[in-house]
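Novice: Right, I'll just put the structure down here and ask away after.
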Amino acid sequence: MLIRTPPRHEPTASEITPRRVWQRRRELVRAAAAGIALPGASGLALAQGPKPEPAKLPAKPGPFGTTDKPTPYKDVTTYNNFYEFGLDKDDPVRNAGRLKTRPWTVAVEGEVGKPGTFGIEDLLKLAPMEERVYRMRCVEGWSMVIPWVGFPLAELIKRVEPTGNAKFVEFHTLNDPKQMPGVSSSVLAWPYVEGLRMDEANSPLTLLTFGLYGEVLPNQNGAPIRLVVPWKYGFKSNKSLVKIRFVEKQPITSWNRSAPQEYGFFSNVNPNVDHPRWSQATERRIGEDGFIQRKRPTLMFNGYADQVASLYAGMDLKRFY
Ligand code: MTE
């Protein structure tokens, strides 16, 4: 297992040349070699692409970084699951542009001493932003390495003062048919709801996430605020959150409701427990596909056992899948 804190001298993604600048430079170099003139190929225009650069989201390097190579930005932002925008991997990038991410609020309710509605601008200021380079494993058998920007969910939890009855936390995604063409489909009961046990929600690994690669989240990745739980299958990390609810009973989550025999509440990455329809022993790392596709062994708890195995001590993980 390769867990480390990045040494100080290593640049974070946000310190590296803005993505569109170097992409544009490469286009210009190629075009110059081919004797083609590109529009805007002079002076300041060198630093400008056709679309405005997404807003920067500076962050200090956080803990639990992996040495695995980050998945290229293009793959992270064009190969997505976000069923509210369609079922194909390229539907979210094509359809999520219409999602309006300002104004945006997140209601925090249920078993808390200080319930309330938080504006996104206040949430962005709630705690220092960290860059966390996490491995992410989708239940479908593919994985990515993503430099997320956010802070531990625990920072929000402590501010809302959960009561003694708060045993679980529910997360609700926006459900707006006017903006989300996919919610007319009956593939899931909307809104998309996920849940964590309180100790999982308070794990220092669990992130409230606002950005990736040093920039604000693209809509298709769950703008303006999503959950990231790296030791669980990707579907536990729901996107575009509008409600966080503290409850006493284990929540019924969207995937658990739609196919309980396939998707349990815990959904920890576990190479020893197969999905009823396929093995979970290996994974395909997106962006690494070559002529011969390399399969990697999937790691217990996606490689985060040191941080989270103790949460499940004494539990039969075949039963609590
Ligand atoms: N959240 C919502 N609201 N709707 C979804 O369809 N898909 C999940 C998860 N969060 C999903 C969601 C699944 S299956 C995965 S693998 C991850 O988002 C993918 O996140 P990414 O597109 O940012 O890589």
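Novice: For segment 285-317, enumerate the residues that are at pLDDT below 95 and open to solvent by 90 Å² or more (accessible area, probe 1.4 Å).
Specialist: The answer is F291, I292, Q293, R294, K295.
Novice: Next up: Checking E161 against (1) touching a strand residue (DSSP E or B) at 6+ places or on another chain (Cβ under 7 Å); (2) in contact (Cβ under 8 Å) with a residue 60 or more places away in the chain; (3) over 22 Å from D88 (Cβ atoms): exactly one of these is not met. Which one?
Specialist: (2)
Novice: Right, next: For V112, all conditions in the list (1) under 25 Å from N256 (Cβ atoms); (2) within 12 Å of the ligand (Cβ to nearest atom) hold save one; what is the number of the exception?
Specialist: Unmet condition: (2).
Novice: Considering each of G65, G110 in turn, give the residue that is modelled with pLDDT under 95, out of contact with any Cys (no Cβ under 7 Å at 6 or more places or on another chain) and either within 25 Å of W255 (Cα to Cα) or surrounded by 20 or more Cβ atoms within 10 Å (Cβ to Cβ) (or both).
Specialist: On the way: G110 fails: modelled with pLDDT under 95.
After applying the criteria, what remains is G65.
Novice: Just to be sure, is P54 open to solvent by less than 80 Å² (accessible area, probe 1.4 Å) and modelled with pLDDT under 95?
Specialist: Against the criterion (open to solvent by less than 80 Å² (accessible area, probe 1.4 Å) and modelled with pLDDT under 95), P54 qualifies.
Novice: Do you know which of the residues in segment 185-221 that are among the small types (G, A, S) and in contact with a Leu (Cβ under 8 Å, 6 or more places away or on another chain) is surrounded by the most Cβ atoms within 10 Å (Cβ to Cβ)? Even if it seems obvious, please write down each step before you answer.
Specialist: Applying the first criterion (among the small types (G, A, S)) to segment 185-221 yields 185-186, 189, 195, 201, 203, 211, 214.
Next cut, in contact with a Leu (Cβ under 8 Å, 6 or more places away or on another chain) only: 185, 201, 203, 211, 214.
Working: S185: 12, A201: 23, S203: 20, G211: 28, G214: 23.
Checking each candidate, the answer is G211.
Novice: Quick one: in segment 172-184, of everything that is out of contact with any Asp or Glu (no Cβ under 9 Å at 6 or more places or on another chain) and outside any helix (DSSP H, G or I), which residue is nearest to the ligand (Cβ to nearest atom)?
Specialist: Looking at residues that are out of contact with any Asp or Glu (no Cβ under 9 Å at 6 or more places or on another chain) and outside any helix (DSSP H, G or I), I get P177.
Novice: Mind listing just one residue for me: the one in segment 68-107 that is open to solvent by less than 30 Å² (accessible area, probe 1.4 Å) and in a strand (DSSP E or B) and, of those, farthest from the ligand (Cβ to nearest atom)?
Specialist: A107
Novice: Restricting attention to segment 197-207, does a residue exist that is closer than 20 Å to F85 by Cα and not aromatic (F, W, Y)?
Specialist: The answer is no; no qualifying residue exists.
Novice: Go through P224, P218 for me and flag whichever is modelled with pLDDT of 95 or more and more than 18 Å from T71 (Cβ to Cβ).
Specialist: Selected residue: P224, the only one of P224, P218 that is modelled with pLDDT of 95 or more and more than 18 Å from T71 (Cβ to Cβ).
Novice: Would segment 253-261 turn up any residue that is within 14 Å of the ligand (Cβ to nearest atom), in contact with a Phe, Trp or Tyr (Cβ under 7 Å, 6 or more places away or on another chain) and of a type in the set (A, V, I, L, M, F, W, C)?
Specialist: yes
Novice: Same structure, new question: Being more than 20 Å from N238 (Cα to Cα) and in contact (Cβ under 8 Å) with a residue 12 or more places away in the chain is the filter; apply it to segment 97-125 and report the residue that is farthest from the chain's Cα centre (by Cα).
Specialist: Of everything passing the filter in segment 97-125, G113 is farthest from the chain's Cα centre (by Cα).
Novice: Only residues that are in a strand (DSSP E or B), open to solvent by less than 20 Å² (accessible area, probe 1.4 Å), charged (D, E, K, R) and within 13 Å of A201 (Cα to Cα): list them for segment 228-284, please.
Specialist: Of everything in segment 228-284, just one residue is in a strand (DSSP E or B), open to solvent by less than 20 Å² (accessible area, probe 1.4 Å), charged (D, E, K, R) and within 13 Å of A201 (Cα to Cα), namely K232.
Novice: Consider only pairs whose beta carbons are under 6 Å apart and that are at least six residues apart or on different chains; among these, list those whose first residue lies in segment 231-248 and is at pLDDT 95 or above and whose second residue is within 14 Å of the ligand (Cβ to nearest atom) and small (G, A, S).
Specialist: K232/S267; Y233/S267; K236/S267; K239/G222; S240/G222
Novice: For segment 108-136, enumerate the residues that are in a strand (DSSP E or B) and in contact with a Pro (Cβ under 8 Å, 6 or more places away or on another chain). Walk me through it before giving the result.
Specialist: Just the residues of segment 108-136 that are in a strand (DSSP E or B), to begin with: 108-110, 112, 116-119, 130-136.
Result: V108, E109, V112, G119, E130, E131, R132, V133, Y134, R135, M136.
The rows are residues; the columns are (1) within 9 Å of the ligand (Cβ to nearest atom); (2) under 15 Å from the mean Cα position of the chain (by Cα).
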position	(1), (2)
V169	no, no
E194	yes, yes
L208	no, yes
L217	yes, yes
G222	yes, yes
L227	yes, yes
S237	yes, yes
K243	no, no
V247	no, no
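The values are calculated or read from the model by the stated rules, or taken from the named source; none is laboratory data. Small disclaimer: the values here were computed from a predicted structure and weren't measured. Heads up, the Cβs are rebuilt from the backbone with ideal geometry, glycines too, and the neighbour counts pull from every protein chain shown. Heads up: the accessible areas ignore ligands, DNA and RNA and are worked out on the full protein's heavy atoms, side chains in. Shrake-Rupley method; radii C 1.70, N 1.55, O 1.52, S 1.80 Å.
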